[in-house]
Each structure stands twice: as C-alpha cells, then as structure tokens.
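The values are calculated or read from the model by the stated rules, or taken from the named source; none is laboratory data. Predicted, not measured: the structure shown is a model, and the values here were computed from it. Methodologically, a virtual Cβ is constructed for each residue, glycine included, from the backbone with ideal geometry; neighbour enumeration extends over all protein chains shown. Note: accessible area is taken over every heavy atom of the protein model, side chains too, but ligands, DNA and RNA are not part of it. Shrake-Rupley method; radii C 1.70, N 1.55, O 1.52, S 1.80 Å.
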2 protein chains.
Amino acid sequence: MEIQALAQAHPEHWRQAAALRTLALDAVAAANSGHTGMPLGMADIATVLFGKHLKFDAAHPDWPDRDRFVLSNGHGSMLLYGLLYLTGSPDVSLDEIKRFRQLGSVTAGHPEYGAARGIETTTGPLGQGLANAVGMAIAEEMLRARFGKRLVDHRTWVFAGDGCLMEGVSQEAITLAGRQALSRLVVFWDHNGITIDGAVALADRTDQIKRFESAGWSVYDCDGHDPEDIDRVIGAARASDTPTLIACRTHIGYGTSAQDTAKAHGALTETTLIDDAKAAYGWDRKPFDIPPDLKAQWEEIGRRGAAERLAWEERRAALSDARRREFARVLAGEPPKRLSARIKALKKQISDEAPKLATRKGSEHALEVINPVMPETVGGSADLTGSNNTKTGDLGEFSPENRKGRYLHFGIREHGMAAAMNGLALHGGLRPYGGTFLVFSDYARAAIRLSSLMGMPVTYVLTHDSIGLGEDGPTHQPVEQLASLRAQPNLNVFRPADTVETAEAWELALTATATPSVLALSRQGLPTLRTDHKGVNLTARGAYVIADSEARRRAILLATGSEVAIAVEARAILEAEGIGTRVVSMPCWEIFEEQDEAYRKRILPGGPVRVAVEAAIRFGWDRWLYGERGKRGKSGFVGMHGFGASAPADELYRHFGITAEAVAEKVRTLL
Amino acid sequence: MEIQALAQAHPEHWRQAAALRTLALDAVAAANSGHTGMPLGMADIATVLFGKHLKFDAAHPDWPDRDRFVLSNGHGSMLLYGLLYLTGSPDVSLDEIKRFRQLGSVTAGHPEYGAARGIETTTGPLGQGLANAVGMAIAEEMLRARFGKRLVDHRTWVFAGDGCLMEGVSQEAITLAGRQALSRLVVFWDHNGITIDGAVALADRTDQIKRFESAGWSVYDCDGHDPEDIDRVIGAARASDTPTLIACRTHIGYGTSAQDTAKAHGALTETTLIDDAKAAYGWDRKPFDIPPDLKAQWEEIGRRGAAERLAWEERRAALSDARRREFARVLAGEPPKRLSARIKALKKQISDEAPKLATRKGSEHALEVINPVMPETVGGSADLTGSNNTKTGDLGEFSPENRKGRYLHFGIREHGMAAAMNGLALHGGLRPYGGTFLVFSDYARAAIRLSSLMGMPVTYVLTHDSIGLGEDGPTHQPVEQLASLRAQPNLNVFRPADTVETAEAWELALTATATPSVLALSRQGLPTLRTDHKGVNLTARGAYVIADSEARRRAILLATGSEVAIAVEARAILEAEGIGTRVVSMPCWEIFEEQDEAYRKRILPGGPVRVAVEAAIRFGWDRWLYGERGKRGKSGFVGMHGFGASAPADELYRHFGITAEAVAEKVRTLL
C-alpha cells in the first residue's frame, strides 16, 4: 500500500507506527550506527500486534502469563526499544532511547536479555530467537498442562527476517515446532526480499511458504503495511491448531529514499534522508519528540492487558497455599529442598556399593533420583537417548497428545535442541537438560554461547567424552571440545571422575542460578573412586585432593573424568617406588578458579612436579601446570596431541600413551 | 518388494547386493561394533548406482573426472568399504575389511578421507557429507566452465539418511544447491522411517518431498529395493536441470529379524540373527567368503569406466602443454610461482605508504593481488561481503547463468558455507575462502573441525575479530573464539597486526597443503607497523620481534592483531621510563609452536617479565606467559575477562582496560 493511502485510511494506526519509525530513525542517527531498515519495515506489524493482540501489561513486564514477544531479527532492536518505551516500560525511558548503543545503556546494539524487562531473549545471532521461541512455546504447553489454563494461557510471537530463515537452526526449530504442533507459536516473516549483500535471490530462492507447510505449519500471507490485512491474518493464526507463519510483504526502510535496498539494512544517518522520510510520514517533530496525545495512545495500549493481569493475579491468589508456593518456586528457579538429601543418599549408596559404571550411566542414576523430586526438569536428547542416558522412567514423552510429558525427542538437531533449551529456561518454570555426544556440541556452539551470555542455567549432558568411545573414530572423539567449552565465559564444564562426582555435578548444575553447565561423561565404565562417603559436595570446590601422598610429596597428578582413575593407579605405582604422589581431581576448572587463593594453593602447593592427565589436548592446562607456583617446578602432560583414531577404547588409550605407567614414567623423568 | 520375489526377479542384482550385505554383517560381527542396518538397507541402491551409473574406474580412484560418491550417512561405512573392495580398489583389500574398526586399518568406524582413495570425504557427523557434495558439485560446474566438458564432466551422488536431513546444515546446503541449480547433484534419501531413538515420527514429521521442492529440487520416489525402479529414477535424475532428491523407500536391516527397528541401526552381532539373514539372502558361504564368479562380476563393474577413463586420458594428453600443466597445477593444489613476488610487492607498497587500514581491508588488498594470479581461488561470504571484504573486482559472481564466476553469495549460512568449502577443496582444482564475522565461526564449528581433520587447505576470513567492532555488542564480539579455534588441532589461526602481516598470512594460507587457516581480521583501522620492508615472510615463523628493547630488556610484551599496536605504544611509554621492552608479534601460535626450541627461546628468552595483550580472554596464553622459561619470571595479561558490551570501540577498549597505559602499568607492577 502506498504511504499516503495508508496514512489516510488508518490515521491513528499510521501515527502510532510513525512514532516507532521516527524513534528508530532518530536513535540510529544519534548513535551513528545501528539498523534502520527493519524497524521501518515492521513497524506496522508491531503496531497491530501490540495494539490489538499481544497479551501484556507494560507496567508489569514480569507477569508470568504474558505473551512472549521475540525479536529474532535482533539487529532491528530499536523497534523493540521503541515499543517498550512507548507502551510505558518501567525500564526503558526516553533517555535510554537517546543512549542507544552507548556504554551502560539498556538499549544495546542488539537486545540483551537482562538489560530491561520486556527483552525476552538475547538476539542478533540469526535464527536463535526463532528457535528460543519454540522452547518458550513448549514451556507454555508443559506448564499449562501442569498448572492449568487459568494460570498458564499465553502465546509466543516472533519477528524473523530472511537471515533467520536461511540459518540451518531455523529448519531444526520449525520442524520440531511442527512435530509438536505448537499452535500458540506465530512467526511474522519480514518478507522484504533484501539482505546485506543485496537481493535475497542472490543467495536464496526458497519457497518459504511451501517449506513451512512441509514442516506442518499453517501459512498466511499479508500486506505487512496494511493494518487490516495484518489483523486479519493474526486472527487466523490465533485459530490455528498448528504453528503459524505469516509471510508479511514489507518494504525495508519503508518511506525512505533507501527503501527496498540493501543500504536500508544498516544505519541510515544522512540528515536529508531522515528529513525526507519524516516528511513522507507527515511527521514534523524534533528528534525523539513524541506528541503527548500519541504517547498517551501508546500507554493506553500498554495498559490493555492490565485488567486481564489483575484477574490472573486473583486466580493465582485463590490457589491453595501449596500450589501457589510450588508455582512460585518453579518460576523462581528454586530447587526443591529435598534435592540435596536425595543426592547425598545416592552418593552414599554409590560409595558403599562402589560399582564400575560409565559416568553417563551414573548420570542416569542421578536423574532417577532428581526427576521425581523436581517436576520442573525437562529432559531430552538429540536422538541419542539410549547413549546419553537422559531418560528416566517417570518422565513421560512430550507430544501433542501428552503435554504432561517431560521428555523431548529433539531429533538429530543439536543446535535446535540447545536453542530450545534456552527458550525453555527463558520462559521460566522449567529446568531443561539435553544430551548429545560431546563432540557434537560443535553443532550447537552458537546456542551454547547464548546460554552463557544470558546466564541460563541449562544443562548439557555430553557423553562419549573422549577416545574412550572407541571404534567410532576421530569424527566422534572429542579432543578439543573440553578446551573450547572451558574457554567460554560463564559456563561450568564438569568432567566427573565417577558416579559420586557425577551426582555432585548434577546438584551444582541444578542449583546454579545464572550459569549453564556441561556434564562431560564417559561412555566406558569407570571404577568408583569416592568409596569413602562424605556428605559435603567436594565438586563444589572445583578441584580437591582425591588421594594424597603417603611418602614425602614429590609429585602432584592433576586429572579429570576418566583419567582420574588412571592417575590414582599411577600414584600407586609411584608410591610403591617411594615417590610420594598426590592426585587432584579437577571436575570443574571454572569453580576451582573462583576459590580463594589459599584454597587453591592448599590443593596445588608449589614444589612437587605436576603432571596433568586428560584424554584431550593440552590447551588450557598450562594454567594449572605453571600458574600460581611459589617456585618453578617441572611439569608435564599426558593426553592427546591431535585427533583420535578408530579402534577399541583400551587399545586407543595404549596407542596414545594415556596409561598409568606412562604417567608414572612422565613423573620419573621430571624428578 | 519381498526378498524372495526380488531375488527371483533379479537374480544377478540380488547376488551382487547380497555380497555387500554379507560383508557388512560379517565385518560388524567381527568388530563387534558398527552399524549394520544402513548397508543392508541401501545395498540395492548402491548396486544399481555402481553397476550402471556411477562413472568410475576402480583401479584409478584418483581419476579427476570420476563421479563423486559421498556417503553422508557415514555410520554405514561398511557399505562403502564393501563397494571399494568388491570393485577392485587398490587400497581396500579383504584383509582391511576383516580389520574393520581396528587400529591402523583403512576401514575406520566412519569413512576417513585419506585412509583409502575412493573415500571422497570424511563423514559421520550428520549432514556434512551432503553439504560437502554441494561444494563438489559447484566445483564441477566451475571447472567445467574453465576447462571444458571434454575434461570435466561428472556428477556427484550422495547417500543420506534421516539424520542428515534433520540437521540444520542440510537446509543450508539444499537451499544453496537449489539456488545454484546444481543439476549434477543427486541425493538418495534412505527413507526407512527409523532413527536411533525409534520411529522418525517421534521427532520429525516433515514432508521431505515438499521441503526439497521448496528449495528448487526435483524429487522422485522409488522402491529402494527394486533395481528397476531405482534405475528408472536415476535415469530421470540424470535428465533433470535441477538438483534431485530420490526418496528411496527402504527397510533398515533388510532381511534380518531386526528389520524396520531402531535396533538394526547399530551393530547386529548375534550369530542366529546373522545366520537367519544369510539364509534369507540365499547365502551359504563362510564369513567374508565371496564366490569368485561374483567377485568377478563386481570387478567387471569396477572396470566399467576404464575405456571412458582412457579416452579422457587421451583428451588430456591432447591439450596444449600450457593447458595441461595448468590443469595439473590446480589439481595438485600448487600455488602459481608468481604468487610470492606479488605478495612481496604488496608488502613493499604497504610498508612504503604505511596506511592506517583495518586488516579486513588489508585482506581485500591482498586478495586484489592474489585473485588475478590464482584462477583457482573461489571467494565468498555468508552475506557479509562488504564487511568481510572478500570480493574483488575480477571474480565475477557464480550463478547458473555464469558458471565462470568465482564469487559465491553463500547466503546467511555459515555452516553450509564451511561445509561447501570443504567440498570445493575435496573435489580438487579450486582453493576456496569464505567470510563471516569471527564470532559466527561458532555456527560453522562442526564443518571447520572437518577442514582440520581432513587437512583441507581452505581459508576462513573471519572479520570483526574483537570488541573493536563496537556497538553491535556482545552477541557480535568474539572473546573466546580465538582460544576455541586455537584449541583445534591442525588449524592455523592467524591474527595479523597490520596489512603487511595480513599479506604474509594470506601467502601462508594459500601455500598450505594440508592445513586450513583462519584469518582473524579487525573491523577498525590499524596503523602499519611493518614500515621497514622485508622480503622474508616473518609470519612464517609464527611469532617474531616486531620492536626490540633499547634500554636493558626488562619486559616482553606479547600481542596479536590489533593489540600489537597497543603493545608498541606501551613499549614507547616504558622505554621513555628506561624500562627496556621488547614487543613480540604472535600472528600464529601454531606455527610458532612448530619452530625449534632455539628460535622460540630467542624470541621469548627467560628473565624479563612477560605481559600478553589481546582483546580476548586469557585462556591459552599461559602457554606463552609461563612456558619454556629458564627461571620463573612474573607475568600478566591485559585483555578481556568475560563477554563484551555495546558501545563505540574506543570506549570499549578504555572500559575494559586494554590500553597502552594499562599495559605499561601492568609491567610496572610486575617489575
């Protein structure tokens, strides 16, 4: 529709949308950077969605039963900030809009979760928001099944661009959403035909309508600038029993001289262009100046859901005490009080029975204890359920027929799984964990990073954590993944040595509030090393002495996971030779790093030679081999020096020289 | 089709396929691990493809104009090994089949590129082979356009399973293939309805036919056990002017008691099951015993392309000397002799002019020198062409209308781009490079790993390599990517300090034979530090002294990329205070690690305090801060300690304390 016709046909809508557009123009110009084109192109859709459909109460952005709005094409952040400011967000003032993209503002270049309420997820890396939204929609179904429609009854709306749809993670997300018939998920596709390089068609000619239909979605098409048409299709989407894509024909940089060009994707900052655009919009205000009556209209929109929220609060207040407390507990992400005792009991049982168990199997034992007392856990695997040992008997399978199921067959979609886990956690009320092989964390890396950046306490169950997986060979054998995950800020990488440590790691993962966890678990059986039961969680210090020297201490062996048993065996060899040897188990470097220096020095005193043992590459180990030493001692490393090989696991350990005898010999050469 | 009916209707085909099936049964049983179900399910398709359509000459697996056969569902590796052995591969003997999954055999758990010719790519990580094949098919089009149909005229055939199709990378690959109308690419989908967790429908109900059609593919359906039906659809695929998917209705574990179940996916090793299956096949031989007449039939198949290959050799021999040499040069991956002189000339020019340039812009200058003398380069970007500076004027854009174009708009598909680059390199005759932001290497991580594992000399142009990108904020600011890429074996991570180092890094990347390279490049302008022209490639040592101490040496500053200039500035401050300070530029840790100890100690002698400066996290730096020192000196790190923030770049450097003054102060506190 032409601008003049649109403005005349829908004057109120037009002014409201123009407010969003001019705020975007002004903020990008003030920052001299950013992305103008998307807010200009999607302002009409946003105005109709917020004005008529989105269930929210701007003054209470934490209302648990609000609709979730996800800006997956996060570079258009000014559209979101404009919506939050105009509707009366307590966190986004006009001053913050003016400080767009400046240090310390809540209006970062891309929406950052936690900066202001109303930013439901961190977006910018394309496709992630769409995949988060799938997790949010699953969360809504699960919680509605658990707590009832009077408490949980909302939708998830997504803005997405061509970039989101081209990224592979979008395919994983939409096919998962289709399989699960997430009817309360609606995606608005900003179908403007333009990406950074130019026309979308340069790189892509996919029939997106047909593609989404192939995934089991309903698809509607609309003029993304015609409020009546937008309203019509949203109505249809609300009635759908499948997820819905709305293909919105839009113009990037609508109303500017750069309209429909790649230039509009970025920052439009030329004064003339901005002045001309404002003139086209019929806008004659100074920068950032929203007429009071227009602001009042938007604030009225912001209050649209207030009565509904109050009614919801009353329904919540009417719940039984126990139910209200439970609802509050899971939304707050508080673990149940019983968890700690259950973990302790499991630890005692394992220490007493001292089984030889793979830590992936130990993890299953832990989950069998955890899941019954934590109804908020959601488990799943990327089609490796029997290998990741992620499913316990009581979970039930989530499906359109069983929304109470707590286990998700994520499919062979590691990336989509991780992003959906983020969405489940962002929604609140659930604590997701998901499994794949450690090496295939590579597929999910971009989403795991967002777990850390957003501080989502999700748990990645990453089994088959070394050459110990054997014959599947180097494509399946992680050697650098431990290092690359340890390099990521705000991620606890646990590599437990036995089932006792595994249970402790699970306790830490499930009580974390703002840090995701990786559990790197063995395929192969491992002896129980912690046979002397201690109630205290030793893993909570990150590293500790698991076997101390008897003879005068001349060596310290540092090890994680399956190699702790090798180090303990090496210690026996060395002690028999009169070489006093301490073994330090280091299940979580990150937590050990956070301990005070006195503790760290007590565990790793200067003087003795240090040898690290890990069936992975050395990268990163120098921190512990050299760091914080009173005087320079000698040190060495026993582990991998490159990619693995295909052979039975025992042979591989011998082939690559990761044996107790090799460790002992390394110590001898250093003494 | 029922087995008995099939065997009777096509007795010769049936016996040939049974040979593949029984080899898979026997090898998996002998290894007591592996995947039986896929070879049993796809043996008929393989028999028809190899028997009638695949252009190959088994005795000459390196024939450049052979068809490429890619087993994307690589867990079914025994199918490939069986085909290679039966057709007479010089590299895969019966003994190797018997040593399936054993240390040092060429018959690894998953097909490993380089283990035996005929293994066209390493597969196992799902979806990768399919995406490699897209690169191979692009390579064929490009080389055919360049060298003519008489020399280059082949197809790419792919076997893929449900896992390949569920992985997001498959969407990136198939939409790229559709856009580029790669009509010589044919994918056989093993449509058996089963994955590890059970029925595909547990996780996925995608209409794959419709999905591939939405991407511009032709789709055919066949009974995957009926040789006539298979032959019919292959014929149709050959005539297609788009890429083709053949949905093959198959039975996993065909003919065994585990048929059509998830159990069949893995290793079927029970004697009874194997005996019963062989009986059903009408097979009465001992394990690994192929009747001589049947082996002869397969070897005849292996010779099917011999005449065609000889004719091709004659055509090659008839080429002009220059053309034959050029064809041989690009297939051998040899850089042109002129390259070195061109790089030197650029270095001299830059040293003389000493511009302030972003290294991404410096990289563009290097490419402007390189691309005209290396017609084998193929450039591209994941929709960030203007930001990655990957396009030079002479390349032309690859498209169905211009197969001579050397620039690819990969679309917003980092993962598909990386996997296609692997395919381009695997095909031979081309040297691909592709760009995205450094942080988004996370999206491509699984494919970058395969570049290293296979030793593909591809180049990743990763710009915007630090907080120096500014306002886009933490989602776009890499802080851990340098560490996580450095952790990967066999990957040279270059982070050049200026345009001279950038040119040197390009020279090393383009002359590498079995190692991929990352070029981490700045968004922001950097001064030219190497103003004193030297012909020798200093980056080829990995690290070198870029500015030595004048006063008595008391400090060594180690830095990379944009922070070398900061270190040089800090040196000036310190020298003015009489503190002798050496600055070591470390553009490539991996190459420096490979230098002899004497060189390393010359560059980093013991004694002086060491401070590392990098706008990234510390992880990994301890190797250079502590390692190899005669006596323990003090050391420190100036860099990032977590994720970045959204603000102008200069402000961020100040905010995070990465300044010359901060470096100088760190040195002072350590002295």
### Query
Taking the condition touching a helix residue (DSSP H, G or I) at 6+ places or on another chain (Cβ under 6 Å), more than 30 Å from residue B:31 (Cα to Cα) and in contact (Cβ under 8 Å) with a residue 24 or more places away in the chain, does residue A:448 pass?
yes
### Summary
Within the range A:228-265, residues being part of a helix (DSSP H, G or I) and β-branched (Val, Ile, Thr) number 3
### Task
Within the range B:195-235, track down each residue that is more than 25 Å from residue B:261 (Cβ to Cβ) and under 28 Å from the mean Cα position of the chain (by Cα).
B:211, B:212, B:213, B:214, B:215, B:216, B:217, B:218, B:219
### Summary
Exactly one of B:348, B:404, B:344 is open to solvent by 40 Å² or more (accessible area, probe 1.4 Å), in the same structural domain as residue B:426 (by TED's automatic domain parsing) and assigned to a loop (DSSP other than H, G, I, E, B), and that residue is B:404
### Residue match in the range A:351-360 (condition: under 24 Å from residue A:423 (Cα atoms), assigned to a helix (DSSP H, G or I) and of a type outside the set (Lys, Arg))
no
### Query
Considering the range A:246-270 alone, what residues qualify as being touching a residue at least 60 places away in the same chain (Cβ under 8 Å) and among the hydrophobic types (A, V, I, L, M, F, W, C)?
A:246, A:248, A:252, A:258, A:262, A:264, A:267, A:268
### Query
Which of the residues spanning the range A:498-528 are among the aliphatic types (A, V, I, L, M) and open to solvent by less than 40 Å² (accessible area, probe 1.4 Å)?
A:500, A:503, A:505, A:508, A:509, A:510, A:512, A:518, A:519, A:520, A:521, A:526
### Any chance residue A:418 is more than 18 Å from residue A:152 (Cβ to Cβ) and part of a helix (DSSP H, G or I)
yes
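Quick grid of which residues meet (1) farther than 20 Å from residue A:254 by Cα; (2) touching a Leu at 6+ places or on another chain (Cβ under 7 Å); (3) open to solvent by 10 Å² or more (accessible area, probe 1.4 Å); (4) part of a helix (DSSP H, G or I):
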site	(1), (2), (3), (4)
A:21	no, yes, no, yes
A:41	no, no, no, yes
A:46	no, yes, no, yes
A:52	yes, no, yes, yes
A:55	yes, no, yes, no
A:59	yes, no, yes, no
A:70	yes, no, no, no
#### Entry: Among residues of the range A:366-386, those that are part of a helix (DSSP H, G or I) and either touching a residue at least 12 places away in the same chain (Cβ under 8 Å) or outside the structural domain of residue A:350 (by TED's automatic domain parsing) (or both), counted
9
### Message
Return the residues of the range B:421-442 that are more than 14 Å from chain A (Cβ to nearest Cβ) and either in contact with a Cys (Cβ under 7 Å, 6 or more places away or on another chain) or not in a loop (DSSP other than H, G, I, E, B) (or both); say none if nothing qualifies.
### Response
B:421, B:423, B:424, B:425, B:426, B:427, B:431, B:432, B:433
### Message
Return the residues of the range A:72-121 that are crowded, with 24+ Cβ neighbours inside 10 Å, of a type in the set (Ser, Thr, Tyr) and out of contact with any Ser or Thr (no Cβ under 6 Å at 6 or more places or on another chain); say none if nothing qualifies.
### Response
A:77, A:85, A:87, A:107, A:121
### Task
Go through the range B:214-240 and give me each residue that's hydrophobic (A, V, I, L, M, F, W, C) and open to solvent by less than 20 Å² (accessible area, probe 1.4 Å).
B:215, B:217, B:222, B:230, B:233, B:234, B:237
### Task
List the number of the failed condition for residue A:314; all other conditions in (1) within 33 Å of the chain's Cα centre (by Cα); (2) open to solvent by 30 Å² or more (accessible area, probe 1.4 Å); (3) farther than 30 Å from residue A:67 by Cβ hold.
(3)
#### Entry: Residues that are aliphatic (A, V, I, L, M) and closer than 23 Å to residue A:515 by Cβ, drawn from the range A:318-345
A:328, A:330, A:331, A:332, A:339, A:343
### Message
I'm checking my understanding of the structure. Among residues of the range A:470-490 that are out of contact with any strand residue (DSSP E or B) (no Cβ under 7 Å at 6 or more places or on another chain) and of a type in the set (A, V, I, L, M, F, W, C), which one is surrounded by the fewest Cβ atoms within 10 Å (Cβ to Cβ)?
### Response
A:483
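A quick yes/no check of all residues on (1) modelled with pLDDT of 95 or more; (2) within 24 Å of residue B:623 (Cα to Cα); (3) open to solvent by 10 Å² or more (accessible area, probe 1.4 Å):
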{"site": "B:435", "(1), (2), (3)": "yes, no, no"}
{"site": "B:438", "(1), (2), (3)": "yes, yes, no"}
{"site": "B:454", "(1), (2), (3)": "yes, no, yes"}
{"site": "B:492", "(1), (2), (3)": "yes, yes, yes"}
### Task
Of the conditions (1) touching a helix residue (DSSP H, G or I) at 6+ places or on another chain (Cβ under 6 Å); (2) in contact (Cβ under 8 Å) with a residue 60 or more places away in the chain, residue B:495 clears all except one; give me its number.
(1)
### Looking only at the range B:147-182, and only at residues there that are of a type in the set (Asp, Glu) and part of a helix (DSSP H, G or I), the one that is farthest from the other protein chains (Cβ to nearest Cβ)
B:162
## Note on the structure
Taking the range B:449-469 and keeping residues more than 7 Å from chain A (Cβ to nearest Cβ) and either outside any helix (DSSP H, G or I) or among the basic types (Lys, Arg) (or both) leaves B:455, B:456, B:457, B:458, B:459, B:460, B:461, B:462, B:463, B:464, B:465, B:466
### Message
Looking at the range B:122-147, I want the residues that are farther than 13 Å from residue B:378 by Cα and have a partner that is open to solvent by 10 Å² or more (accessible area, probe 1.4 Å) and among the hydroxyl-bearing types (Ser, Thr, Tyr) with Cβ atoms under 6 Å, at least 6 apart or on another chain. Which pairs are those?
### Response
B:122/B:113
### Task
Can you tell me which residue within the range A:23-39, out of those that are under 10 Å from residue A:100 (Cβ atoms) and small (Gly, Ala, Ser), is surrounded by the most Cβ atoms within 10 Å (Cβ to Cβ)?
A:24
### Index of the failed condition, residue A:353 passing every other in (1) surrounded by fewer than 23 Cβ atoms within 10 Å (Cβ to Cβ); (2) farther than 30 Å from residue B:266 by Cβ; (3) of a type outside the set (Phe, Trp, Tyr)
(2)
## Note on the structure
Flagged in the range A:123-171 as acidic (Asp, Glu) and open to solvent by 10 Å² or more (accessible area, probe 1.4 Å), in numbering order, are A:141, A:153, A:162
### Task
Read through the list (1) facing another protein chain (nearest Cβ under 9 Å); (2) open to solvent by 30 Å² or more (accessible area, probe 1.4 Å), then give the number of the only condition that residue A:211 fails.
(2)
